[in-house]
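Everything below concerns the one structure shown next.
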Amino acid sequence: MQKEVVRLREEIEALVTQAHQQDEADDAALGRRRGDELPAELARREDRLATLEAARRRLEAQAKAEAEAERQRRAEAEAERQRRGQQRRGKAPQPVHETPADKAQSNFTAPELHSMHTNNKGWEYCGNAQASVDGGVPDHCGL
């Protein structure tokens, strides 16, 4: 039994030494990577899922803001009718929905852009160009 214990300890020591050498070789070949990183395909899909979730949250927030604005507009219109003593005409309004439409879209790279109908009867992501002007006088004007 003593001989077997000595033999097993020597084998264990050899395997541990071999594992350390392999780790050092892997570190030299792969750099700082640990080896337990996600495969590129899985990481890409997880990044895509995170992007989609962020877009969904933006659409939900936008839908809630639009619903609140519509409720406010309806309340103001009703208050004006009450002030004038008029009754509502026509059909009762549809309820306000706080969830985005099933086909709601958002641009992933530039969320401030919106899908707009263009002259060529197509749809493109577009935005309104706005310029801001600084009140200061540029140095090169000589004033």
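The values are calculated or read from the model by the stated rules, or taken from the named source; none is laboratory data. Nothing here was measured: the structure is a model prediction, and the numbers come from that model. Positions of Cβ are backbone-derived with ideal geometry, glycine not excepted, and every protein chain shown enters the neighbour counts. Each accessible area value is taken on the protein alone, full model and side chains, heavy atoms only, with ligands, DNA and RNA left out. Shrake-Rupley method; radii C 1.70, N 1.55, O 1.52, S 1.80 Å.
All conditions but one from (1) free of Cβ contacts under 8 Å to residues at least 40 places away in the same chain; (2) in a loop (DSSP other than H, G, I, E, B) apply to Ala104; the one that does not is (1). Considering Glu53, Glu46, the condition of being modelled with pLDDT of 85 or more, within 27 Å of the chain's Cα centre (by Cα), of a type in the set (Asp, Glu) and closer than 21 Å to Ser106 by Cα is satisfied by Glu53 alone.
Looking at this structure, is Ala104 open to solvent by less than 60 Å² (accessible area, probe 1.4 Å) and modelled with pLDDT of 80 or more? The answer is yes for Ala104.
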